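Taking it in order: structure first as structure tokens, then the write-up.
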Amino acid sequence: MQTQFSKQDLEKPVFAEAEEILHKCVHCGFCTATCSSYVIQGDERDSPRGRIYMIKEMFENGGTPDKNMVTHIDRCLSCLSCVTTCPSRVDYMHLIDLSRTHIEKNFKRPIKQRLVRNVLSAILPFPGRMRVAMRLGVLAKPFQNVFGKIGLSELGSMLSLMPLRLPRAGKYASGRFGKKSNHKQLQRRVIVIPGCASSVLRPSIHDAAVNMLLQNNIQVIVPEKAGCCGALDHHMGKEKAAMEMAKNMVNTISKEMEIDPVEAVLVTASGCGTQVKDFGHVFRNEPGYSSRGQEIADITQDITEFLVDLSFQAPSQWSDLKVAYHSACSMQHGQNVNDAPRKLLERAGYNIVEIAEGHLCCGSAGTYNILQKDIADQLLKRKVDNINLVKPDLIATGNIGCITQIASGTDIPIVHTAELVNWAYGGACPKELEHLKPRTNKVKDFIYADAAE
């Protein structure tokens, strides 16, 4: 793609980076076939190729972005399916991020939009605030339709996704767990990030992950003040707030690494994992953080990537449960993690079935199902319809956002991959699956039966 940036423009890092990315696009259009928003909207402006043209024009013209451009850029889910598909390897992920930051700095949104986005930014990345807001939200939930009538349908959408009850704090919320070896060179240590939303909505995910690590005699460090990785603000273009959160996480992890070397930084929410793995890029121009950010990014793994290489004994139970595996966009496209979750589930004895159109987003995408509810709802229906086709007993996935979104559209129970695998190896049964417990059997019963034959 040809660009028209002036020499003065290219002296600015943002425009220089944008030009480098734009030049790789050859307008082939492969991205349109896999774009979640284009599949729903059927509008070229809601495809990656269409947005690339608009971003190019927006950056070249400078000044205040056009309202129409902002509308179509806002409709991007950042599912990154286009990145997986692109034969030219266009770095659309960072290009759309640059455009959102530019819009946030140069475009004045209507006051109601600003209010909603500021509320989300002030609450969701902070577990303490989120707990308080959700307790109040339970009282306001019966009136969620009222918000739509006064032009604040986004807040009504947020209330509709809230559970009626919040679970208790997790067993491994923060601290150091597992026996510490006297032989430091033999001790395996990892840091596990508990996550913002998941630590409030489903702390059992974090507990299941830590429990499985402890079973393998791995020392687990859960930093109390790691906070948010900054992903939520980052995807809304609030770069200053996102950077402050990311710096806090780097500082916290770095301090732990100075006390004891760690083998890996593990994340149970794939959306967070995509962001932390990108810390090398996030901090590329930040003195004092660039090397530390890259170091942390290099050792960050999704929990399933780490668990799949551990040597577990045979599962303590076997089942005929049919599991529909939903690969979160941030898992398959953002991190290119595909085999590990499936292998873990298969080794644990579950019958894995694939979902049609698995590359498409469920509509969660961070705050997308709040800010772009109409498109999110259509994507949700499409996802649930495809899940229903395989008639599973349950759904497994690796991201709290997907769990919340899909659970709002189906009665089929949905759990995190780590919860399901932990159950197979003797851990707690996820409460969502209590009714399925009679369908499981002790492994040894099958072993003895085989031996008798």
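The values are calculated or read from the model by the stated rules, or taken from the named source; none is laboratory data. Just so we're clear, the structure is a prediction, and the values are computed from it rather than from any experiment. Don't worry about glycine lacking a Cβ; one is built from the backbone with ideal geometry, like all the others, and counts go over all protein chains shown.
Any chance you could count how many residues in the stretch 415-429 are buried (at least 22 other Cβ atoms within 10 Å of the Cβ), over 14 Å from the mean Cα position of the chain (by Cα) and not aromatic (F, W, Y)?
7
Of all residues in the stretch 1-42, which are surrounded by fewer than 22 Cβ atoms within 10 Å (Cβ to Cβ), within 26 Å of the chain's Cα centre (by Cα) and free of Cβ contacts under 8 Å to residues at least 40 places away in the same chain?
T32, G42
If I filter the stretch 384-401 for residues that are in contact with a Cys (Cβ under 8 Å, 6 or more places away or on another chain), in the same structural domain as Y350 (by TED's automatic domain parsing), assigned to a helix (DSSP H, G or I) and buried (at least 24 other Cβ atoms within 10 Å of the Cβ), do I get at least one hit?
Checking the stretch 384-401: not a single residue is in contact with a Cys (Cβ under 8 Å, 6 or more places away or on another chain), in the same structural domain as Y350 (by TED's automatic domain parsing), assigned to a helix (DSSP H, G or I) and buried (at least 24 other Cβ atoms within 10 Å of the Cβ).
Among the numbered criteria (1) closer than 24 Å to S157 by Cβ; (2) out of contact with any Asp or Glu (no Cβ under 7 Å at 6 or more places or on another chain), which single criterion is violated by G398?
(2)
Collect the residues in the stretch 103-124 that are over 15 Å from D233 (Cβ atoms), assigned to a helix (DSSP H, G or I) and either free of Cβ contacts under 8 Å to residues at least 24 places away in the same chain or not basic (K, R) (or both), keeping them in residue-number order.
Matches in the stretch 103-124: N106, I111, Q113, L115.
Looking at the structure I just gave you, is D97 charged (D, E, K, R), assigned to a helix (DSSP H, G or I) and closer than 22 Å to Q335 by Cβ? Full working, then the answer.
Working: charged (D, E, K, R): yes; assigned to a helix (DSSP H, G or I): yes; closer than 22 Å to Q335 by Cβ: yes.
Criteria met by D97.
Among the listed residues N369, N399, N351, N336, identify the single one that is over 25 Å from C196 (Cα atoms) and polar (S, T, N, Q).
Of the residues listed, the single one that is over 25 Å from C196 (Cα atoms) and polar (S, T, N, Q) is N351.
Considering only residues that are of a type in the set (D, E, K, R) and at pLDDT 95 or above, look in the stretch 282-301 and name the one that is surrounded by the fewest Cβ atoms within 10 Å (Cβ to Cβ).
So the first thing to find is which residues in the stretch 282-301 are of a type in the set (D, E, K, R), and the list is 284, 286, 292, 295, 298.
Adding the requirement that they be at pLDDT 95 or above leaves 292, 295, 298.
Numbers: R292: 19, E295: 17, D298: 12.
Applying the filter and picking the extreme gives D298.
Out of all the residues in the stretch 115-137, which are surrounded by fewer than 20 Cβ atoms within 10 Å (Cβ to Cβ) and either in contact with an Asp or Glu (Cβ under 7 Å, 6 or more places away or on another chain) or at positive phi (or both)?
Within the stretch 115-137, S121 is the sole residue that qualifies.
Just the residues that are in a helix (DSSP H, G or I), under 13 Å from the mean Cα position of the chain (by Cα) and surrounded by fewer than 23 Cβ atoms within 10 Å (Cβ to Cβ), please, taken from the stretch 327-369.
Hit for the stretch 327-369 is Q332, nothing else.
So, in the stretch 214-272, of the ones that are hydroxyl-bearing (S, T, Y) and in a helix (DSSP H, G or I), which residue ends up surrounded by the fewest Cβ atoms within 10 Å (Cβ to Cβ)?
Result: S254.
From the list V83, V70, exactly one residue is in a helix (DSSP H, G or I), surrounded by 18 or more Cβ atoms within 10 Å (Cβ to Cβ) and either touching a residue at least 60 places away in the same chain (Cβ under 8 Å) or touching a Ser or Thr at 6+ places or on another chain (Cβ under 6 Å) (or both). Which is it?
Numbers: V70 fails: either touching a residue at least 60 places away in the same chain (Cβ under 8 Å) or touching a Ser or Thr at 6+ places or on another chain (Cβ under 6 Å) (or both).
Every option except V83 fails the conditions.
Read through the list (1) in contact with a helix residue (DSSP H, G or I) (Cβ under 6 Å, 6 or more places away or on another chain); (2) assigned to a helix (DSSP H, G or I), then give the number of the only condition that F143 fails.
(1)
Out of all the residues in the stretch 279-310, which are within 24 Å of Q332 (Cα to Cα), touching a residue at least 60 places away in the same chain (Cβ under 8 Å) and either in a helix (DSSP H, G or I) or of a type outside the set (A, V, I, L, M) (or both)?
H281, D302, I303, T304, F306, L307
For the stretch 43-67, name all the residues that are surrounded by 23 or more Cβ atoms within 10 Å (Cβ to Cβ) and part of a loop (DSSP other than H, G, I, E, B).
Matches in the stretch 43-67: S47 only.
So the check is Cβ under 8 Å with 6+ separation or different chains; which pairs have a first residue in the stretch 361-376 that's in the same structural domain as G237 (by TED's automatic domain parsing) and a second one that's part of a helix (DSSP H, G or I)?
Partner pairs satisfying both residue conditions: none exist.
Restricted to the stretch 303-326, and to residues that are within 28 Å of K391 (Cα to Cα) and charged (D, E, K, R), which residue is surrounded by the fewest Cβ atoms within 10 Å (Cβ to Cβ)?
Checking each candidate, the answer is D320.
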